Structures are given as structure tokens and as C-alpha cells.
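Since the structure comes first, as C-alpha cells, the remarks are kept for the end.
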């Protein structure tokens, strides 16, 4: 009888510890991780989802810029976040092209171009992918882009602005899954993204 009572107490303590650990982990929010490709030329495969990517130059500040944009997008959507992959759910952004425009607002030699994958992982399993790969085009090259043309004020935008558009679209695509897996914000945010 005494052994049964000790076993019951030990199981009760383990269940309490497990429940507390689960609550603490859920309170940390979603993890975020930003990475860039090593190779800057040629066609390659994404090492996370296997899709083909056309590598290009990646600006030296791209990781910081995209990380800040991702943080701001999650904050605006009231989703808790913190840096790293040590969460049940995390967003991983894999940047393979971040090329700045050559020219000004109204005339360019070469437009801005940005390419990245946003991967949503849950329990280290790839759950969803968002692909953003765009070079800004002149209206005369693509009449179907007239909406973007007017939204951008008829100007040539920077790679930073182009990536911001991509991050927003990616979060819009992933936010339903993120919101279901992570408790909504209570006003406390951590910003400890390793760079």
C-alpha cells in the first residue's frame, strides 16, 4: 500500500512538472530564424523544402533588415515571438537573393530583386511554405502589375521595401497556422534574434 502511494505521488509530481513546462513553452511564442544562402550563383535547391531557387547576391544587411521586418509584422499581428528554433513552432526565412536597385526613384539601370522562402515548422516538421521571388518590373513590361505600380506610387522601390512587401504577404499566408499554434499577445515581447 505504501509503495502504491509513493508511486501515485511520483506520477502526480511528474504530471505537474510536465504541465508547467508545457505552459512555459507555449508562453514563449513562436520562434524566428533568418538565414541566407552561401552560394550566390546558379540554380540550387532549398535545403529545407527542396524547391528550386535561383541564387543571387545577398546584401550584407539583408539578415538584419528581414529580421526586423519579420519582428514588426508579428508584433503588428499581436503574435508573441522570440529568436531561435527552440520552440514548438517557428518561422524560418531562407534568403537567396536580396539585390538593391541601381538608380533612383524614377529611373533605374537595374531594378531591385528579392527572393526568399518562409518555412513554418511545427515540432521540427515542415508544415507550410511561402515563396517570394520578385524583381520589380516596369509597367510597360508587365501590364498585369498595374495595381502594384500604383500602390508603389509609380516609383522604383528599394530591395528593403520589396522584402517588406514579401514578408507581409508571407505572414498573411502563414498567420492562420501561426495563430492557431501560438497564444495571442498579452503585450510582452522578446527580441533576441541571433544575428
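The values are calculated or read from the model by the stated rules, or taken from the named source; none is laboratory data. Computed from a predicted model, the values in this text were never measured in an experiment. Here the Cβ is made from the backbone with ideal geometry for all residues, glycine too, and neighbour counts use every protein chain on show.
Of all residues in region 77-98, those being in contact with a helix residue (DSSP H, G or I) (Cβ under 7 Å, 6 or more places away or on another chain), farther than 17 Å from residue 173 by Cβ and surrounded by fewer than 20 Cβ atoms within 10 Å (Cβ to Cβ) number 1.
Scan region 44-62 residue by residue and report those that are outside any strand (DSSP E or B) and more than 18 Å from residue 130 (Cβ to Cβ). Selection gives 55, 56, 57, 59, 60, 61.
Does residue 68 satisfy being within 24 Å of residue 30 (Cβ to Cβ) and part of a loop (DSSP other than H, G, I, E, B)? Break it down into steps so the answer makes sense when it comes.
Working: within 24 Å of residue 30 (Cβ to Cβ): yes; part of a loop (DSSP other than H, G, I, E, B): no.
When the stated conditions are applied, residue 68 does not pass them.
Within region 158-175, residues that are under 12 Å from residue 133 (Cα atoms) reach partners that are assigned to a helix (DSSP H, G or I) with beta carbons closer than 6 Å, at six or more positions or on different chains, in the pairs 163/66; 167/69; 167/70; 167/73.
For (1) more than 12 Å from residue 30 (Cβ to Cβ); (2) assigned to a loop (DSSP other than H, G, I, E, B), each residue gets a yes or a no:
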position	(1), (2)
85	no, yes
90	no, no
98	yes, no
114	yes, no
120	no, no
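You will find that of 74, 63, the residue that is under 29 Å from residue 110 (Cβ atoms) and either surrounded by 13 or more Cβ atoms within 10 Å (Cβ to Cβ) or out of contact with any strand residue (DSSP E or B) (no Cβ under 7 Å at 6 or more places or on another chain) (or both) is 63 and no other.
If I filter region 135-145 for residues that are at pLDDT 75 or above, surrounded by 11 or more Cβ atoms within 10 Å (Cβ to Cβ) and within 14 Å of the chain's Cα centre (by Cα), do I get at least one hit? No, region 135-145 has no match at all.
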